[in-house]
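Below: one structure, written as structure tokens.
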Amino acid sequence: MRICGGDGFVTGGFPSYGHDSHEGVTDRGADRGENLDPKPRLPARTGASGNFKSSSSSSSLQANKIPDPSECNFDPKSWVDDAEDSCQDFEESESSCKLPVPINFEYVKDSNGNPTLLVPNIDSTLTVKGRSLNRVEYDQTASHLYHALEMGIQLPKSFDLEKYKSMPKPEKIKYAKENVTRETIISFQNACAMAISPTFGIKTLPVRGFAGIGKENVGMVIKNIPNSKNRYLSVIRNDGTHISSYPVNPEKLLKIAQDRFWVWKDRNFN
Amino acid sequence: MTKHFNLLRYKELLQLEESGKYSLLDETFLELLTYQASIGCQISYNQKENYFSLIEKYLSRVMTPSEFRLKFSEIEKQDSRTADIILEDFQELEVFMLANDLKEFFDLKSEISTLCFGYYEVWDGTIEPMSESEFYNLVNNSYLQFQKAFPVLSSQNLTYENLIYRLFKILTLSIGLGILLNLIRLLRIRNIDEF
């Protein structure tokens, strides 16, 4: 697992060399504790020189024996080489982690190499026990581009919004990926993540609610929009997956509040 | 029948919001929302004929469902922008008048608005989307309630359109029957001649 900072730099402890898998990341406390162990870890040395990998001293160390001094490689040149290799590795991991647009959150990459933004959950008193992060996923965001403009994200003129709206979700995602740049989707992801994240001086309130005809329990975040009476409404599934964010005017929000925060109640959700 | 917008109370609520003395579930917040929503709703109320006409066009199939949803959202957004400007202008708020039956209008318009707004929301890939016929029925239900609540306004155009449509149908039927009768008559005359 690799967690990256909002600016594209690896944060949250040390980069985990040799662990390129991006899956299996959960926001469960126990998993996070395991993956984000702040203790420094020695990288698995597989550098070009191969000194450590092939040296007999490493096998001595593995066997908990004191190595024979004759087995040790004290050639300072090789040390320099190793240091350079390590740096190259770090830079490579850093650049592979960098996103095309700046974002404000840590993230992990999904199986397609797209970011899933990890946003601290402000609904700490009411939410499912142990969850402290919400996830704004790339594909889910790509299926909600009809809110992009409302969230300040421009879509290309060639993007057929009406056609897109009429598509089922998998086709929406496909169409979005084909017709919108990765930068745009990530920018929208960032905008959604901002809508569920507190900002100093801007009222941001969590509330429990329901969604769909089946009245599924969900989390909601309502955030004021500066210089406007409208607010951002975000819906988050109980497993921490961000579903949607969009601005609502006072009328719409009042209606939702009157419905006891039950949204999309006429929809055929299972 | 109208009443004045209570600017004094609205200012109090705004101050409470700025001081952060309430939470989302407080009645104070809902009261503030109600005040803010009433302005937007009154603006929509002032042009309710447009809303009615739009709904009627959709229900009489003059407009496609997607056109209807788009147009409805556009009008609403425009109203919302106007409301946003008025809510910042205390001088205008001081003389702003609210209709007495605003709540009824708000409830009914909100029903349709929620339908249009939530129609495209996708949850996950496994769920069944709302069908157009289901959407139509839900809009129609709200519209019937609209008709009851605002009988003066409701569906004058639709009645007129329906009347023309019925007349046209009757006329077509009459002509068709006339032609058929004439044909039968001709056939009978021929049969008689043959015998």
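The values are calculated or read from the model by the stated rules, or taken from the named source; none is laboratory data. Fair warning: this is a prediction, and the values are worked out from it, not measured in the lab. Quick reminder, even Gly has a Cβ in these numbers, built from the backbone with ideal geometry, and neighbours come from all protein chains shown.
Here are the numbers for the structure shown:
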| item | result |
| --- | --- |
| Failed condition for residue A:187, given (1) within 13 Å of chain B (Cβ to nearest Cβ); (2) within 21 Å of residue A:106 (Cα to Cα); (3) among the small types (Gly, Ala, Ser) | (1) |
| Selected residue [closer than 19 Å to residue B:119 by Cβ, within 13 Å of another protein chain (Cβ to nearest Cβ) and among the aromatic types (Phe, Trp, Tyr)] from A:210, A:200 | A:210 |
| Condition met for residue A:172 (out of contact with any Gly (no Cβ under 9 Å at 6 or more places or on another chain) and at the interface with chain B (Cβ under 10 Å from one of its Cβ atoms)) | yes |
| Residue that is of a type in the set (Phe, Trp, Tyr), touching a Phe, Trp or Tyr at 6+ places or on another chain (Cβ under 6 Å), assigned by TED's automatic domain parsing to the domain that holds residue B:148 and at pLDDT below 90, where the choices are B:58, B:22 | B:22 |
| Residue list for the range A:218-264, restricted to those being facing another protein chain (nearest Cβ under 8 Å) and at positive phi | A:264 |
| Some residue of the range A:147-155 being surrounded by 22 or more Cβ atoms within 10 Å (Cβ to Cβ), farther than 26 Å from residue B:79 by Cα and among the small types (Gly, Ala, Ser) | no |
| Only listed residue being under 20 Å from residue A:149 (Cα atoms) and assigned by TED's automatic domain parsing to the domain that holds residue B:144, chosen from B:78, B:47, B:42 | B:78 |
| Qualifying positions in the range A:140-185 - in a loop (DSSP other than H, G, I, E, B) and aromatic (Phe, Trp, Tyr) | A:159 |
| Unique residue being surrounded by 18 or more Cβ atoms within 10 Å (Cβ to Cβ) and under 13 Å from the mean Cα position of the chain (by Cα) when the list is B:80, B:73, B:38, B:110 | B:110 |
| Qualifying residue in the range A:199-208 (condition: farther than 22 Å from residue A:256 by Cβ and free of Cβ contacts under 8 Å to residues at least 24 places away in the same chain) | yes |
